[in-house]
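Working notes for the structure below.
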Amino acid sequence: MPAEVKERQYQGKVHQLSRELMNAWTSQLARANETGEPTGAIMISGNCVEILRAFDIHPIFPEVTALQNAIRHQSLPLILKAEQAGYSSDNCAYVKADIGLFLSGGMGPGTKMPYPTITLCNYVGCNVYVKWFEHLAEATGSQLFMLDIPFLRTPEPTAADIRYVVKQFEELIRILERISGKKFDIDKLREILGYAARAEEGYARSKELCKRSPAPFDCYFDAINMMGPINVLRGTREAADFFDEAVKEFEGMVAEGAGPLSEERFRMVVEGPPPYPYYRSFRNLFTRWGAVAVASTYSTVGGIWEFGFRHDPTRPLESIAEQMLTENLTNRSIVTRYGQIRRYVEEWRADALVIHSIKSCRLFSAGQGDMREYFTKELGVPTLLVESDLEDPRYYAEAQLRNRIDAFFEALEHKKLVAA
Amino acid sequence: MAVDQTIDRCRELIAEPLGVIAERWKESHPGGRVAACFPVWSPAELIHAGGMLPLGLLGGGATVELTHADARFQSFVCSISKSTLELGFQGLLKGVDGLVFSNICDVARNLSSIYKRNFPHFHVDYLHLPQNSTSAGVADYTAEELRRVARGFESAFGVKITEDSIGKSVELYNAIRARLRALYAFRIAEPQKLSTVELYLILRALTQADPEESLIRLDELLAELPGREGRPKDRIRVVIEGAFCEQPPLGLLEVLEEAGCYVVEDDLLLGWRWFTSDVPVNADPFRALGQSYVDRAVPSSTRHEGREHRSKGLIEKVRRSRADAVIFTPPKFCEPALFDYVPMKQGLEREAIPHLLVEFEEKMWTFERTRNEVETFVESMLFD
Ligand code: SF4
Ligand code: SF4
């Protein structure tokens, strides 16, 4: 193995800004807990946070709470608590960590999380969402609204799909009016969607810059700093400004030829969520090889903006429906995802595909062996498949992962040398 | 045909590969098409209305060795998804033309598109069944979805699915479901005369046979069963819950009974007896089916029911069948079953209904541990 690559001393503002924005959001939630302002629990995948925002209902994202607890090494006791209550070791650990939290009195990562006023299940692809929010509504005694988004099973959503979703929006809006005591104001929603579109533009432009070599940031490990603002805070002026700032920073880095590592040796596409309990050590396994993610599927669970879709304030509800139906990773088939990854490999000029297979998340992972077949056998893209979990630290086997990753990059390095 | 003979015939039928059944049917129906449905609910009526044969696509059980599919689906994924894919790789579905999957879970969802990629000659459709049970738009949406599926069959196979023909198919399947309800009621009344293994064989054979033929057999069975011998045994009455998708091995059902249980209710092959009363035959059969999917539905782990607690339907089943306990039988790795276990178990505990958890896999072949667990459970109840 050649001399080790190091992470570059990071000098930008994006990480810090993102942290500040997300902290401000958690503080708002804590305040809502005290003042009794309405809150709504909602899922990340292809979400419709803009609708909650139009009523000033504070969005709670149980997935974010779960991942923050995992990063802080606090997920295992919560998972065990849920398992004691009857959840299986084979259930998605995100759900267990969240339910475990409520079974332990509702403490969030360092802050008390409010009990939601409404539990809004945006059922976008993931069937576990349905169960999760059924259980959450029961555990918290909050009202449950099941927003059923038909899965994208035809190239375009059908007219019936769109009608059905918009109809449900109208029904949801009546409920939100009652909860918030506010009348629905379509102009306010348009304004929110304007901010959303601006953030989407910034996120897309940032990703576009990763086509450059070196990529200015790691679109898997660093993208997490942008996923908070794009998925949780989308529709706020602050999130829109954040992305303007991000683009500026990344453009500056491209101009200087700077990337996240001291050297970019391999460009990879990463598929699957990260192992939050071991985020840093997992990242290091790639950094040592100078491997940078130039694109990732995980960064598109909330929305795929890099291929051009933006919320349209002139068609507010229809455009939210379209986003939920088509413009996110989760509501599309796994084979459609192969097409998304293929574009990344080709347009972002990647050397390899790394599939991080997550035991918890069958939505992502069930069938990734077929994905590997497709990329290695049909497209000839070097592909590595490794397994662990996004929330449960018990499934992270560092030595085994390291061996697999080292062997893969050694072979890739050899191939490069031979080709040169 | 005597009951025992019919049941033996059922046992033989379900041992045959689906493709063999499809080919045989085609010999007597030249130009006919066959569509197989993955659990749980599928629109058998639509398939039948197009002159096609609807079959159940229920995995490979313990008989199919995985040679390709386990490289596609990881170790933490349920067995039925792998063995179902394997059927394709081993050519055991030759003769089947169409496959229908629906949004029961994330695994079935991925399996559907992976099937299509690996075997493009199948017409594969994925049905999005509604999870919102109360929206004013849900029946129209479901009707449109069923129309879409019907149009898909029409353009893939050149068949015609008219409102008229669906009406007739709905009547046929209403009749079959009424017979199944009668069989279930019979087992509740006299479980010593119809074991669960036998009822399951009948039910499963129905998913592998011509429905007109099945109806005749069901009527014969219902006429002959009351005269059957059977002395009541000292057993507890149980409901089993959880095996609505991956199929339990016959050995498991046998062991439950041998260890001292009368299974008096279950959720086996739920999709084939989904509607709790007849689907109305009216001017718009698509809408009638769609509305019924929501309003005449058995409680199921694969459909969100916003109007009542998940345990309610189970508790009703326990009361209706005068059961003493519930045995949960989720397949290993099956998220819908494993998630629902928690609220259902809590509901049972509130009602002081005893329960036991027994996980299984379709490929399981030794049952001694299960036997011991169930025997201990039964003893604790009998001598309580
Ligand atoms: S299965 Fe995957 S997408 Fe669904 S809740 Fe779990 S981690 Fe999230
Ligand atoms: S057994 Fe469970 S997890 Fe597997 S396909 Fe069926 S419903 Fe899905």
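The values are calculated or read from the model by the stated rules, or taken from the named source; none is laboratory data. These numbers were taken from a predicted model, which means no experiment stands behind them. Note: ideal-geometry Cβ built from the backbone for every residue, glycine included; neighbour counts use all protein chains shown.
Could you check how many residues of region B:333-351 are near ligand 2 (Cβ under 9 Å from one of its atoms) and touching a residue at least 40 places away in the same chain (Cβ under 8 Å)? Spell out how you get there, then give the answer.
Filtering region B:333-351 for residues near ligand 2 (Cβ under 9 Å from one of its atoms) gives B:333-338.
From the residues that got through so far, the ones that are touching a residue at least 40 places away in the same chain (Cβ under 8 Å) too are B:333-337.
Looking only at that region, the number is 5.
Considering only residues in region A:87-100 that are facing chain B (nearest Cβ under 7 Å) and farther than 18 Å from A:Phe133 by Cβ, the one that is nearest to the chain's Cα centre (by Cα) turns out to be A:Asp90. Of everything listed in (1) surrounded by fewer than 18 Cβ atoms within 10 Å (Cβ to Cβ); (2) within 13 Å of chain A (Cβ to nearest Cβ); (3) assigned to a loop (DSSP other than H, G, I, E, B), the single unmet condition for B:Ser301 is (1). Within 16 Å of ligand 2 (Cβ to nearest atom), hydrophobic (A, V, I, L, M, F, W, C), within 23 Å of the chain's Cα centre (by Cα) and not assigned by TED's automatic domain parsing to the domain that holds A:Ala321, is that true of A:Cys121? Taking the combined requirement at face value, the residue does not satisfy it.
Every test in (1) more than 7 Å from chain B (Cβ to nearest Cβ); (2) surrounded by fewer than 24 Cβ atoms within 10 Å (Cβ to Cβ); (3) within 30 Å of B:Gly347 (Cα to Cα) is passed by A:Glu138 save one, and that test is (1). Filtered by the rule that a residue be within 16 Å of ligand 1 (Cβ to nearest atom) and assigned to a loop (DSSP other than H, G, I, E, B), region A:391-418 gives A:Glu391, A:Asp392, A:Tyr396. Per the listing B:Tyr173, B:Tyr184, the residue uniquely assigned to a helix (DSSP H, G or I), of a type outside the set (A, V, I, L, M, F, W, C) and under 27 Å from B:Pro330 (Cβ atoms) is B:Tyr184. Here are some conditions: (1) under 24 Å from B:Phe186 (Cα atoms); (2) within 14 Å of chain A (Cβ to nearest Cβ). B:Pro330 meets all but one. Which one does it not meet? So B:Pro330 meets the others, but not (1). Restricting B:Val107, B:Val40 to those that are within 13 Å of ligand 2 (Cβ to nearest atom), crowded, with 18+ Cβ neighbours inside 10 Å, part of a helix (DSSP H, G or I) and touching a residue at least 12 places away in the same chain (Cβ under 8 Å) reduces the list to B:Val107. Take region A:118-146 and flag every residue that is touching a Lys or Arg at 6+ places or on another chain (Cβ under 8 Å) and among the charged types (D, E, K, R). A:Glu134 - this is the single residue of region A:118-146 that is touching a Lys or Arg at 6+ places or on another chain (Cβ under 8 Å) and among the charged types (D, E, K, R). Pick out, from region A:55-173, the helices (runs of 4 or more DSSP H) lying fully within it that include 2 or more residues that are of a type in the set (Val, Ile, Thr) and within 26 Å of A:Met22 (Cα to Cα). Correct list: A:62-71, A:93-103, A:127-140.
Hey, does region A:327-343 have a residue that's among the aliphatic types (A, V, I, L, M) and within 15 Å of ligand 1 (Cβ to nearest atom)? Write out each step before concluding.
At the first step, the residues of region A:327-343 found to be among the aliphatic types (A, V, I, L, M) are A:329, A:334-335, A:341.
This time we only want the ones that are within 15 Å of ligand 1 (Cβ to nearest atom), so: A:329, A:334.
Taking every residue of region A:327-343 in turn, at least one turns out to be among the aliphatic types (A, V, I, L, M) and within 15 Å of ligand 1 (Cβ to nearest atom).
Within region A:113-135, residues that are on the phi > 0 side of the Ramachandran plot sit with their Cβ atoms under 9 Å from residues that are more than 16 Å from ligand 2 (Cβ to nearest atom) and of a type in the set (Lys, Arg), at 6+ positions apart or across chains, in these pairs: A:Gly125/A:Arg332.
With respect to being more than 16 Å from ligand 1 (Cβ to nearest atom), more than 14 Å from chain A (Cβ to nearest Cβ), assigned to a helix (DSSP H, G or I) and crowded, with 17+ Cβ neighbours inside 10 Å, B:Val255 fits the description. Within region A:316-332, the only residue that satisfies the criterion of being within 14 Å of another protein chain (Cβ to nearest Cβ) and touching a Lys or Arg at 6+ places or on another chain (Cβ under 7 Å) is A:Leu329. Scanning region A:201-247 for residues that are surrounded by 24 or more Cβ atoms within 10 Å (Cβ to Cβ), more than 23 Å from A:Ile51 (Cα to Cα) and of a type in the set (Lys, Arg) turns up just one, A:Lys207.
When you go through B:Leu199, B:Leu206, B:Leu183 one by one, which is the residue that is in contact with a Leu (Cβ under 7 Å, 6 or more places away or on another chain), surrounded by 21 or more Cβ atoms within 10 Å (Cβ to Cβ) and modelled with pLDDT of 95 or more? I'd like the intermediate steps shown before the answer.
On the way: B:Leu206 fails: in contact with a Leu (Cβ under 7 Å, 6 or more places away or on another chain); B:Leu183 fails: surrounded by 21 or more Cβ atoms within 10 Å (Cβ to Cβ).
Unique residue meeting the criteria: B:Leu199.
Taken over region B:78-95, the criterion of being charged (D, E, K, R) and either surrounded by fewer than 24 Cβ atoms within 10 Å (Cβ to Cβ) or more than 15 Å from ligand 2 (Cβ to nearest atom) (or both) is satisfied by B:Glu86, B:Lys94. Here is a check on your reading of the model: is A:Gln16 without any contact (Cβ under 8 Å) to a residue 12 or more places away in the chain, assigned to a loop (DSSP other than H, G, I, E, B), away from ligand 1 (no atom under 16 Å from the Cβ) and not assigned by TED's automatic domain parsing to the domain that holds A:Ile230? In short, no. Yes or no: region B:75-91 includes at least one residue that is part of a loop (DSSP other than H, G, I, E, B), free of Cβ contacts under 8 Å to residues at least 40 places away in the same chain and within 12 Å of chain A (Cβ to nearest Cβ). The answer is yes, given that some residue of region B:75-91 is part of a loop (DSSP other than H, G, I, E, B), free of Cβ contacts under 8 Å to residues at least 40 places away in the same chain and within 12 Å of chain A (Cβ to nearest Cβ).
For region A:357-404, name all the residues that are within 11 Å of chain B (Cβ to nearest Cβ) and small (Gly, Ala, Ser). Once the filter is applied, which keeps residues that are within 11 Å of chain B (Cβ to nearest Cβ) and small (Gly, Ala, Ser), region A:357-404 yields A:Ser357, A:Ser360, A:Ser365, A:Ala366, A:Gly367, A:Gly369. Determine whether region B:48-59 contains at least one residue that is at pLDDT 95 or above and within 18 Å of B:Asn118 (Cα to Cα). Looking for residues that are at pLDDT 95 or above and within 18 Å of B:Asn118 (Cα to Cα), one finds at least one in region B:48-59, hence yes.
For region B:100-148, a residue qualifies if it is farther than 24 Å from A:Ile162 by Cβ and more than 8 Å from chain A (Cβ to nearest Cβ), and the qualifying residues are B:Ala108, B:Tyr115, B:Phe119, B:Pro120, B:His121, B:Phe122, B:His123. For region B:143-168, a residue qualifies if it is assigned to a helix (DSSP H, G or I), among the hydroxyl-bearing types (Ser, Thr, Tyr) and either in contact with a helix residue (DSSP H, G or I) (Cβ under 9 Å, 6 or more places away or on another chain) or modelled with pLDDT under 95 (or both), and exactly one does: B:Ser165.
Scanning region A:364-377 for residues that are surrounded by fewer than 24 Cβ atoms within 10 Å (Cβ to Cβ) and either of a type in the set (S, T, N, Q) or within 15 Å of ligand 2 (Cβ to nearest atom) (or both) turns up just one, A:Thr376. Every listed requirement among (1) crowded, with 17+ Cβ neighbours inside 10 Å; (2) at negative phi is met by B:Gly61 save one, (2). Within region B:149-169, the set of residues being more than 24 Å from the chain's Cα centre (by Cα), within 14 Å of another protein chain (Cβ to nearest Cβ) and of a type in the set (A, V, I, L, M, F, W, C) comprises B:Ala156 only. Under the condition of being among the hydrophobic types (A, V, I, L, M, F, W, C) and within 13 Å of ligand 2 (Cβ to nearest atom), the residues counted in region B:43-68 number 2.
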